[in-house]
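Following: one structure in structure tokens, then a few remarks.
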Amino acid sequence: MPHIGGTKWGLALQGDTSIEVFDSFLDFDFIMFMTTVPGVSGGKFDKSCFRKIRNFRSKYQNKQIFVDGGVNAATGALLAEAGSDALVAGNAVFKDADPHAVISALRTL
């Protein structure tokens, strides 16, 4: 896949999709783990994703890992420990009384 103008290519995985699907996209730069049901704001974090992220990090060491869904300070710390490179937080930020504090906490992970 050609990288045009410095773009990066990624693949989003949700639910029970095996990480091995990435074998067909090895020229991609990153994977995005969807840890809740996409499109459903405030969904419950899928804890099985911790194992998938660790396995992906082990198998595809030079690829970036992004995570979206159910990210807050508690899950974010565990996701960072599992090998995530970037986290997407929505409800944790926008529904908190002090969104700046949430962002600050997430940035320290």
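The values are calculated or read from the model by the stated rules, or taken from the named source; none is laboratory data. These figures come from a predicted structure and were not determined experimentally. In this analysis, Cβ positions are derived from the backbone assuming ideal geometry, glycine residues included, and neighbour counts consider all displayed protein chains. The accessibility values were calculated without ligands, DNA or RNA, using every heavy atom of the protein model including side chains. Shrake-Rupley method; radii C 1.70, N 1.55, O 1.52, S 1.80 Å.
Observations on the structure shown:
- Percent accessible area from carbon and sulfur atoms, the chain, protein chains only, probe 1.4 Å: 56
- Cα-centred dipole magnitude for the chain, charges only on beta-carbon of K, R (+1) and D, E (-1), debye, nearest 20: 200
- Remark on segment 46-109: Rg and Dmax equal 12.1, 40 Å (Cα only).
- Assuming charge only on the beta carbon of Lys and Arg (+1) and of Asp and Glu (-1), the dipole of segment 47-109 about its Cα centre is about 440 debye to the nearest 20.
- For segment 1-96, lysine pairs with C-alpha atoms less than 19 angstrom apart, excluding pairs fewer than eight positions apart on the same chain, total 4.
- Per-residue ellipticity at 222 nm computed for the chain from its helices equals -9000 deg cm²/dmol, with DSSP H segments shorter than 4 residues left out and the rest contributing -39,500 (n - 2.57).
- A simple spin-label model places pseudo-atoms 7 Å from Cα toward Cβ; at Thr108 and Arg51 they are separated by 3.2 nm.
- Among Thr17, Ile53, Pro99 the positive-end extreme of the charge dipole of the chain (Cβ point charges): Ile53
- Most to least packed among 40-48, 52-60, 68-76 [average Cβ atoms within 10 Å]: 68-76, 52-60, 40-48
- Using the 1.4 Å probe convention, the accessible area of segment 9-109 works out to 58 Å² per residue with neighbouring protein chains retained.
- In plain terms, the chain from Thr7 to Ser58 could stretch by 15.9 nm, reckoned as 0.36 nm per residue minus the Cα-Cα distance.
- Debye intensity ratio I(q)/I(0), log10, segment 1-51, q values 0.14 Å⁻¹ (C-alpha model): -0.44
- Computed from Cα atoms, the angle from the helix 48-59 axis to the main principal axis of the chain rounds to 40 degrees.
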